[in-house]
Structure formats: structure tokens, C-alpha cells
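What follows is one structure encoded as C-alpha cells, with my remarks underneath.
The values are calculated or read from the model by the stated rules, or taken from the named source; none is laboratory data. What you see is a predicted model; the values in this text were computed from it and never measured. Here the Cβ is made from the backbone with ideal geometry for all residues, glycine too, and neighbour counts use every protein chain on show.
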Amino acid sequence: MIIKNALHFLRILRVSLRALARNKMRTFLTCLGIIIGVGAVIAMVSIGAGARAAVEKRFENMGTNLLSVRGGSRNIHGVRTGASGWVRLTVEDANAIAQLPAVEAVSPSVGTRAQVVYLNKNWSTQIQGTGQDYLLVRKWELEQGTYFDESMVRSAAKVCVIGSDVLKNLFDEGEDPLGKTIRISRVPFMILGVFKSKGDTGGFGSRDDFVAIPYTTAMKRLQRADNIQSIDVSAMTAALTIEAKSQIEDLLRIRHRIPDGGEDDFTVMNMAEIAEGAADATNILTILLGSIASISLLVGGIGIMNIMLVSVTERIREIGIRMSVGAKERDILLQFLAEAIVLSMMGGLLGIGLGVGISRLMKYVPMFSTIQAVVTPGSVLLAFLFSASVGIFFGFYPARKASKLDPIEALRYE
């Protein structure tokens, strides 16, 4: 019985392919809507998946147990400053946070932008004043050399560690920068080491374009400030991040003498929560892009139904002949339904190739060059199944119409 049904299905499929082959150009143009739809769905979902991977990689490199303490907002005569608009953080705050039981390490942070000069070369870059535990807190490694220690921080030593972008723009290829002196805002700094490159991730800019110096040096020699801009904190473990955040908030409220119910003059940000929010946002973006692209599939399905209705009208006499020699309604229904499914599946397969090709070529488009499109088997399978479903849905009505024709009236049709 199974063999008989299989042979019957193969006969119907052969007849359907023969019918489609009679007008190759019309068959291709009918498939074109499905091809474009499937290709667009795969390309859009791949871009969304690539953006999500880029965001996750960026936050993963920061560490899942990272907290950032920044200034809060302030109400001045009814006018509120924005986030970090009121900076009251001090070095003593950072030292007190370092003593909390859930905290592993801290690194005070003071940032500015300045021109860096070496011999006849110069480069505008970010100057980041940090503590001696910056590498531990930020999960960063050195390519060569060493990082400044606690004694250098205490003495506000004029030493620095440079990013790989700064190395490329100030030094010749192969030149050893260790021990060389560069000038930052006319102040000489000796290079102790070079950061290992973390590269450019997801359109957020290069993370290797900066110079790290002791935060005390930045405060005294570059900014002449008494307060620090932020404090990077590493919790003991990722599981203790929430507890560490709570301990920091309680400590700073006491140190800054904030009464119960008063407004905090600081903000503690959990990077894990921010990463989760960013990932959710990219998921929504992916769904939106995929939904917009899937409209093309619906348009392609309507095209299939339109052409199948035209085909039924053109082949009314053929249908009558088939019925007169013993074909049943079910046979006619399956034949035209098979033609619609073949059209959609052919379009689906070609669309998969188009979508994967577009995803591979995205890196050459300047707008998407920083996002590595990720083609997942799930997106390919979803697009293909959707295209097959479109063929069944939009092909059923023309197939049913053909199967309900009166054989005698069909034979009389000219």
C-alpha cells in the first residue's frame, strides 16, 4: 500500500513538473516573489543575530561581574541635570568600596581626550586614568610589558600603557615602544606596556584607541580635579553582583550623608543587566526585520495563487480529459496543489542561496561592515518551511477549484 501511494505521488509530481516546464519564464517569475521573500528573511534575521552576537561579545569582554559607579543627577532651581551630571565621587569612596565583602577589586576612573605626540607623529585619543587593578576589573590582558603598580599610582608617576591603535599610529611597524617617551598635553609619559587588542565590535568604535595612565596623574597633571568621574568595580563572582551593588549603594548613602528617602547623588550600573537589556533590544529588532521581510513571502504567495488560477483557466479542457479517463477529484486537487508546492519550494531553495549570499556580502557594505551576519540553521529552516506553507495555503484554492470542475462542461470548454 505504501509503495502504491509513493508511486502515485511520483506520477503526480512528474505531471506537475512537466506542466511547469511548459512555460519556464512564467514559472521563474512566479518563483521570484518567494525567492526574494526567503532571501530577505534570512538576510534580515542574520543581521539581527550578528548584532546580538556583537553586543554579547562586547559585554562578555567587560566581564559579567562588572559594576560601574557614576555620578547621579541634581535638581538645580527646578532644572535637573542628566545622568552623571553631578559628580561627588572621591578616591576615599573608591577605597571604602574596595573593603566591601562582595567586592574583589576597584579601579577609579578619570577620562579625557588629548593629543598624543611621539617624535614627528601625533594622534588624538582617549586618555583613561585608572587604578592599578584595571586589568583585573576590566578582564584585559597585556600584549607586552607591564602595568603600573600601586606605588606609581600613589606617586602620580608619569607612566602609561597604550592601546594597539595608538601603537600603530605613533610607531613604525616592528618598533619596540617599551621605555619610549610620548607627550600627552605636553606632559612626558614613559610607556610601560601595550594592551592586547580587543578590536572593533558591532559599530561601537575601536576599544584599542586609548592610553591608560594612573588616575592620580590624570587628576593632578591633566585635569587638575579633586573628584573622580567613575569607579569600576569587580564583584567576587557573577552571583554576588547584585549583593555587591546593594552594599555599594548602602555604603555611599552613608558616606554622602543621604537621608532616608533622599535622592542619591550616584548611580550604580550592573553591566550584566545592561547586556541583557541590549540583547532583548536586538531580539526585538530581529523579529521586526524578519516580519517586514516576510511580507515579501506573502506577496509571492499571492503571485502563486494568481498564476495557478490562470493555469486552471488555461487547462480546463485538459482537466476534463483527465476526469473522463478516470482521474478523481482528489487526483486533480493533488496535481495542482503539487504544482503550487513545487513553485514555492523551488523559490525557497533559490531564496536560501540568495539570503546566505547576501549575508556573506554584508561585510563589504560600509553600513554593516562592523557586524558579522550570522546565518543560523534555524532561520534557514524557518524560512524554507514558511515558503512551503505559503505554497500550500495559496495553492489550495486554485487546486480545489480545478478539482470541482464539471467534466462535461470542461470538455466543451474552448
#### Entry: Check on Ser234, modelled with pLDDT of 85 or more, among the small types (Gly, Ala, Ser) and in the same structural domain as Asn169 (by TED's automatic domain parsing)
yes
### Task
Tell me, please, whether a residue that is within 30 Å of Phe195 (Cα to Cα), in contact (Cβ under 8 Å) with a residue 24 or more places away in the chain and over 31 Å from the mean Cα position of the chain (by Cα) can be found in the range 236-248.
yes
### Query
Can you pull out the residues in the range 136-183 that are over 16 Å from Phe195 (Cβ atoms) and of a type in the set (Val, Ile, Thr)?
Val153, Thr181
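This table checks each residue for (1) surrounded by 20 or more Cβ atoms within 10 Å (Cβ to Cβ); (2) in contact (Cβ under 8 Å) with a residue 60 or more places away in the chain; (3) closer than 30 Å to Ala43 by Cα; (4) in contact with a Pro (Cβ under 8 Å, 6 or more places away or on another chain).
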site: Met323; (1), (2), (3), (4): yes, yes, no, yes
site: Gly347; (1), (2), (3), (4): yes, yes, yes, no
site: Leu350; (1), (2), (3), (4): no, yes, yes, no
site: Val356; (1), (2), (3), (4): no, yes, yes, no
### Task
Return yes when Met44 is modelled with pLDDT of 65 or more, farther than 30 Å from Arg154 by Cα and over 35 Å from the mean Cα position of the chain (by Cα) and no when it is not.
no
### Message
When you scan the range 98-116, do you find a residue that is assigned to a helix (DSSP H, G or I), at pLDDT below 90 and assigned by TED's automatic domain parsing to the domain that holds Met219, even just one?
### Response
yes
### Message
With crowded, with 16+ Cβ neighbours inside 10 Å and either of a type in the set (S, T, N, Q) or at pLDDT 75 or above (or both) as the only criterion, which of Val299, Val312, Val342 stands out?
### Response
Val342
### Message
Which count do you get for residues in the range 370-391 that are among the β-branched types (Val, Ile, Thr) and under 13 Å from the mean Cα position of the chain (by Cα)?
### Response
4
## Note on the structure
Picked from the range 152-180 (must be in a loop (DSSP other than H, G, I, E, B) and among the aliphatic types (A, V, I, L, M)), the residue surrounded by the fewest Cβ atoms within 10 Å (Cβ to Cβ) is Leu178
### Query
Condition test on Gly193, is it assigned to a strand (DSSP E or B), at pLDDT 90 or above and not β-branched (Val, Ile, Thr)?
yes
### Message
Kindly evaluate Leu142 against the criterion of being within 31 Å of the chain's Cα centre (by Cα) and not basic (Lys, Arg).
### Response
yes
### Those residues of the range 116-130 which are surrounded by fewer than 21 Cβ atoms within 10 Å (Cβ to Cβ) and farther than 19 Å from Ser230 by Cβ, in sequence order
Val117, Tyr118, Leu119, Asn120, Lys121, Asn122, Trp123, Ser124
#### Entry: the range 145-174, residues that are of a type in the set (Val, Ile, Thr) and within 18 Å of Val117 (Cβ to Cβ)
Val159, Val161, Ile162, Val166
